[in-house]
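Q: Shown below is the structure under consideration.
The values are calculated or read from the model by the stated rules, or taken from the named source; none is laboratory data. Please read these numbers as outputs of a predicted model, since none were measured by experiment. A quick note on method: Cβ atoms are made from the backbone with ideal geometry, for glycine too, and the neighbour counts reach across all protein chains shown. Just so you know, the surface numbers come from the protein's heavy atoms only, side chains and all, with ligands and any DNA or RNA stripped out. Shrake-Rupley method; radii C 1.70, N 1.55, O 1.52, S 1.80 Å.
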Amino acid sequence: MSSVAEQTPRTEAGPARRRSAGSIAQGVVIALGFVMLVGGFGTLALQYRPYKIPTGSMSPTLRVGDTVLARTGGSAGRGDIVVFQDPDWGSATLVKRVVAVGGDTVSGGRDGRIAVNGHQVSEPYLTPAAMNTTEFSITVPEGRLFLLGDFRGNSLDSRSHLDVAFGSVPASEVKAKVEAVIQPLSQAGLKQRTTAFDELGAPGAHHPGPLVPAAWTAVAGAVLIVVASAVGWVVSLTGRLRRRRA
């Protein structure tokens with residue numbers, strides 16, 4: 001009898017140790033998933049803000065009513081689509097494209113095309129409907145940006161404010177740089193960096209921020225939490241069923 005009694009704890013010890021190891025592994029995976037989820041969402045919350053497009057001046061790139069996700073902080077370069085406010089332009093929050101920075105000489109003709117520092121810029125995002133505009137030629141003051149809408153024939157932009165600092169906006173008035181459309185879902189997606197201004201050299205359009213890796217990190221963290229929790233629940237249920245049968 002004593003031999004049987006001594007063997008029983010040892011027989012149960014193996015499954016108990018396995019359950020304990022499984023619980024620890026599950027806890028580690030859930031903790032890792034939680035860290036990834038919080039880290040990903042934290043990055044998005046700290047560096048990105050949603051904005052609604054107020055006018056059709058950026059059509060067809062951005063349409064009226066689109067909700068975009070824009071990255072805060074950092075400097076803006078040629079080709080970036082920026083969210084900004086300038087008292088000289090009114091109190092509204094506006095969205096335009098940077099086509100020239102401090103020290104650049106920018107000119108444009110009635111066809112809506114522009115030249116920067118003597119280089120004709122080929123802007124593939126423009127359409128024939130965006131043409132029919134005014135002529136101008138200015139040098140952008142240091143620390144300021146020259147901004148145009150992609151719908152050149154229907155945009156109140158730097159060309160409409162040439163009497164104030166040559167239509168330029170202080171770089172400090174830029175609130176964020178647009179990187180993606182999130183609403184409507186039919187138009188949702190990343191706004192790819194344009195290469196139209198690359199031939200001009202620095203300061204060119206900036207590379208996107210951590211939007212994609214942060215979003216995937218958050219999604220992967222959520223998946224780890226769900227999967228680990230589901231596996232733990234299945235293992236626990238299976239163990240209870242086996243003990244009942246025993």
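Q: Quick test for you: out of I24, I30, pick the one residue that is open to solvent by 70 Å² or more (accessible area, probe 1.4 Å) and over 29 Å from I81 (Cβ atoms).
A: Of the residues listed, the single one that is open to solvent by 70 Å² or more (accessible area, probe 1.4 Å) and over 29 Å from I81 (Cβ atoms) is I24.
Q: For region 115-139, what are the residues that are under 28 Å from G65 (Cα atoms) and either surrounded by 15 or more Cβ atoms within 10 Å (Cβ to Cβ) or modelled with pLDDT under 85 (or both)?
A: E123, Y125, L126, T127, P128, A129, A130, M131, N132, T133, T134
Q: Could you count how many residues in region 151-186 are open to solvent by less than 10 Å² (accessible area, probe 1.4 Å), part of a helix (DSSP H, G or I) and among the hydroxyl-bearing types (S, T, Y)?
A: Number of matching residues: 1.
Q: Can you name the residue in region 207-246 that is within 36 Å of the chain's Cα centre (by Cα) and hydroxyl-bearing (S, T, Y) and is also modelled with the lowest pLDDT among such residues?
A: This residue is S229.
Q: Still on this model: Hey, which of the strands (runs of 3 or more DSSP E) in region 59-150, taking only ones fully inside, have at least 3 residues that are closer than 20 Å to L190 by Cβ and touching a helix residue (DSSP H, G or I) at 6+ places or on another chain (Cβ under 9 Å)?
A: Correct list: 67-72.
Q: If G90 satisfies all but one of (1) under 18 Å from E179 (Cβ atoms); (2) open to solvent by less than 40 Å² (accessible area, probe 1.4 Å); (3) at pLDDT below 90, what's the number of the condition it fails?
A: Just one mismatch for G90, condition (1).
Q: Taking region 54-80, which residues are hydrophobic (A, V, I, L, M, F, W, C) and either touching a residue at least 24 places away in the same chain (Cβ under 8 Å) or buried (at least 22 other Cβ atoms within 10 Å of the Cβ) (or both)?
A: Passing the criteria: M58, L62, V68, L69, A70, A76.
Q: Quick test of your reading of the structure: Q85 fulfils all but one of (1) open to solvent by less than 50 Å² (accessible area, probe 1.4 Å); (2) touching an Asp or Glu at 6+ places or on another chain (Cβ under 8 Å); (3) of a type outside the set (F, W, Y). Name the failing condition by number.
A: Q85 satisfies every listed condition except (1).
Q: Here's another thing I want to ask about it. Go through the residues of region 107-123 one by one and say whether even a single one is free of Cβ contacts under 8 Å to residues at least 24 places away in the same chain and among the polar types (S, T, N, Q).
A: Within region 107-123 (the criterion being free of Cβ contacts under 8 Å to residues at least 24 places away in the same chain and among the polar types (S, T, N, Q)), the answer is yes, since at least one residue qualifies.
Q: Now a separate question. Within region 102-114, does at least one residue satisfy the condition of being under 23 Å from the mean Cα position of the chain (by Cα), modelled with pLDDT under 95 and surrounded by 13 or more Cβ atoms within 10 Å (Cβ to Cβ)?
A: So far as region 102-114 goes, no, none of its residues is under 23 Å from the mean Cα position of the chain (by Cα), modelled with pLDDT under 95 and surrounded by 13 or more Cβ atoms within 10 Å (Cβ to Cβ).
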